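The values are calculated or read from the model by the stated rules, or taken from the named source; none is laboratory data. On a predicted model such as this, the values are computed, not experimentally measured, just so you know. No Cβ is skipped: glycine too gets one built from the backbone with ideal geometry, and neighbour counts run over all protein chains shown. Surface areas here come from the heavy atoms of the whole protein model, side chains and all, with no ligands, DNA or RNA. Shrake-Rupley method; radii C 1.70, N 1.55, O 1.52, S 1.80 Å.
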Amino acid sequence: MEKITILQQTETIFKKNWKFCIGTGRLGLALQKEYIEHLKEVQEKINFDYIRGHGLLHDDVGIYREIELEDGSTEAFYNFTYIDRIFDMYLDMGIRPFIEFGFMPKLLASGDQTVFAWKGNVTPPQDYDKWYDLIQAVVSHFIERYGLEEVLKWPFEVWNEPNLTNFWKDADKEEYFKLYKVTSIAVKDVHPDLQVGGPAICGGADEWITDFLNFCENESAPVDFVSRHAYTTAKPHKVTPEYYYQELFENDYMLKELKTVRELINASPFPDLPFHITEYNTSYSPINPIHDTTLNAAYLARILSEAGDYVDSFSYWTFSDVFEEADVPKSQFHGGFGLIGLNGIYKPTFHLFSFFNQLGVEQLHRDDNILVTRREDGSLAIAVWNMVLEKGDGFEKHFELDLPIQNNKDVFIKRQTIDENNGNPWKVWKQMGRPRFPKKDQIETLKEVAKPRIRTERTSTKNGRVKLTFTLTKNEVCLIEVNPINDETKSYIGLDDSQIPSYSKEWC
């Protein structure tokens, strides 16, 4: 049993950088009813500050068009019908856009290379002057519609993973730097205080960070933040038409990566730049079953607990399984990135984020498995997890926490749990025979079993402290809340539980 004594007070603050931003599929999906319903639920239970997705300039959003004039020539027409609808909805839900400029409109593209089932064009512009004009028109429209004070709060990120040939033709670094300079100048020419940054690379190419910042210094290209992505799976050991199977690195792998990149920024000509992880998850594939499991939640708990030490924000990819990079999802559970599965079914990782959203600001203790916080009202909120990568049963962990209570009142303890047998709709879906398109009654059952298990108890304090003993099963994640009790029992006239059949006065 691991025994931990928690101090009464610390000067440490738990940084909630994990909820600064959340990822989404391409922005055009925001026109779908289920997408909007999922985002509303996420905002009600977790309440992220920003949302980032691909496809702002993709043809399904329809911003860039060209019209033919009477003399046979053409000129650009900027159509904001859909993006206004999307961003109005975001802002109404209390979430701001974290802009990603991409992908290339077909009429501006220099080639026909695309990525994903929805065919985002990943080639440079055929005309950088037209690209500059497009960026200026888009940013100017946002200011006109939403006001300068609002848009000054929006980060503008240039492109997505240009270090990969899938996302940027030939992964041409020099061409990306050219795109970045033109784009960043276009943004700043609208207003010098707008935030612009990049290079939005994936892991494994951090030399791009150094080269990018040196380029910005040497070429006087504006830069207000650095962005990168982070995933923690190895190359796939098996790929099928519907699934992608990968092994996971230990979860401190991502933390070490973030620390290394922060050090690269510190050593650059721009040592004080904010550092944003604009995508992260376990697997980078939208068809990896790990995303549907309790392991995914237990694995990421330490990331949510510690990554704020190194980055200003880290954006989980993504909030919903309404997502079509690998085509329209083919089944209820298909390995999608989302916190919420199709048909509004909460996955275990949704509850991880919900648990962390209920933590306090004062950090009393943190280690690889536990985060103890105190809220402003004096109650304690504790996140605890038991991540297990090995196959098989067992792997329980036993804990005893000696906790400080700010008075000698009895305490009410509430424990919410997700594990392999609770809050795990993926397991129940398998028991159902893995229906691809579940019926309404099956969907209702999956929603019922997706809820965490709740246990409660009342216990006494001694000398301003209370001991809490518990066991975590494999891949269990818990939120434990400890609240002092203001007991009003004696205020009830004639109250006597022993007069009720089956109960005694002391029964609780």
Residue pairs qualifying under the 6 Å Cβ cut-off, at least six apart or on distinct chains, with the first in segment 231-245 being free of Cβ contacts under 8 Å to residues at least 24 places away in the same chain and the second being open to solvent by 90 Å² or more (accessible area, probe 1.4 Å) and part of a loop (DSSP other than H, G, I, E, B), are Ala234/Glu247
The residue from Glu44, Glu11 that alone is out of contact with any helix residue (DSSP H, G or I) (no Cβ under 9 Å at 6 or more places or on another chain), over 20 Å from Leu304 (Cβ atoms) and either open to solvent by 60 Å² or more (accessible area, probe 1.4 Å) or not in a strand (DSSP E or B) (or both) is Glu11
Filter segment 324-345 for residues that are within 13 Å of Leu39 (Cα to Cα) and in contact with a Ser or Thr (Cβ under 8 Å, 6 or more places away or on another chain); the one that is surrounded by the fewest Cβ atoms within 10 Å (Cβ to Cβ) is Ile340
By my count, helices (runs of 4 or more DSSP H) wholly in segment 128-241 with at least 1 residues that are over 27 Å from Met89 (Cα atoms) and of a type in the set (Ser, Thr, Tyr) are 128-146, 173-190, 207-219
Matching residues in segment 69-86 (hydrophobic (A, V, I, L, M, F, W, C), within 17 Å of Lys106 (Cβ to Cβ) and open to solvent by 50 Å² or more (accessible area, probe 1.4 Å)) number 1
| request: Test Ile4 against the criterion of being at pLDDT 95 or above and part of a strand (DSSP E or B), and give yes or no. | output: no
Checklist entry - If we scan segment 288-299, do we find a residue that is open to solvent by 10 Å² or more (accessible area, probe 1.4 Å) and either within 12 Å of the chain's Cα centre (by Cα) or farther than 14 Å from Trp426 by Cβ (or both)? => result no
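Listed residues Leu364, Leu371, Leu389; which is at negative phi, open to solvent by 10 Å² or more (accessible area, probe 1.4 Å) and not in a loop (DSSP other than H, G, I, E, B)?
Within the list Leu364, Leu371, Leu389, the selection yields Leu364.
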Here the qualifying pairs (Cβ atoms under 6 Å; residues six or more apart or on different chains; first in segment 31-44 and closer than 12 Å to Gly344 by Cβ; second surrounded by 18 or more Cβ atoms within 10 Å (Cβ to Cβ) and β-branched (Val, Ile, Thr)) come out as Glu34/Val322; Tyr35/Val322; His38/Ile340
If we ask which residues in segment 466-497 are modelled with pLDDT under 95 and either farther than 21 Å from Leu359 by Cα or part of a helix (DSSP H, G or I) (or both), their number turns out to be 12
With criteria (1) under 21 Å from Pro348 (Cα atoms); (2) of a type outside the set (A, V, I, L, M, F, W, C); (3) open to solvent by 90 Å² or more (accessible area, probe 1.4 Å); (4) in a loop (DSSP other than H, G, I, E, B), Pro435 comes up short on (3)
From the option list Asn218, Asn251, Asn214, single residue qualifying as polar (S, T, N, Q), touching a Ser or Thr at 6+ places or on another chain (Cβ under 8 Å) and surrounded by fewer than 17 Cβ atoms within 10 Å (Cβ to Cβ) is Asn214
Checked pairs for segment 257-271, first surrounded by 12 or more Cβ atoms within 10 Å (Cβ to Cβ), second in a loop (DSSP other than H, G, I, E, B) and hydrophobic (A, V, I, L, M, F, W, C), C-beta under 9 Å and 6 or more apart or across chains, list as Leu258/Val311; Val261/Val311; Arg262/Val311; Ile265/Leu273; Phe270/Val223
The number of residues in segment 242-266 that are of a type outside the set (A, V, I, L, M, F, W, C) and in a helix (DSSP H, G or I) is 9
Taking segment 392-412 and the residues there that are assigned to a loop (DSSP other than H, G, I, E, B) and over 13 Å from Thr473 (Cβ atoms), the one that is least open to solvent (accessible area, probe 1.4 Å) would be Ile405
(1) free of Cβ contacts under 8 Å to residues at least 60 places away in the same chain; (2) among the aromatic types (Phe, Trp, Tyr); (3) under 23 Å from Asp272 (Cβ atoms) all hold for Phe225 apart from (1)
Across segment 120-155, the tally of residues that are among the basic types (Lys, Arg) and within 21 Å of Tyr82 (Cβ to Cβ) stands at 2
Residue hits (segment 446-465; open to solvent by less than 20 Å² (accessible area, probe 1.4 Å) and at pLDDT 90 or above) are Leu446, Ala450
| said: Val239 - would you say it is more than 25 Å from the chain's Cα centre (by Cα), among the hydrophobic types (A, V, I, L, M, F, W, C) and more than 25 Å from Ala117 (Cβ to Cβ)? | reply: no
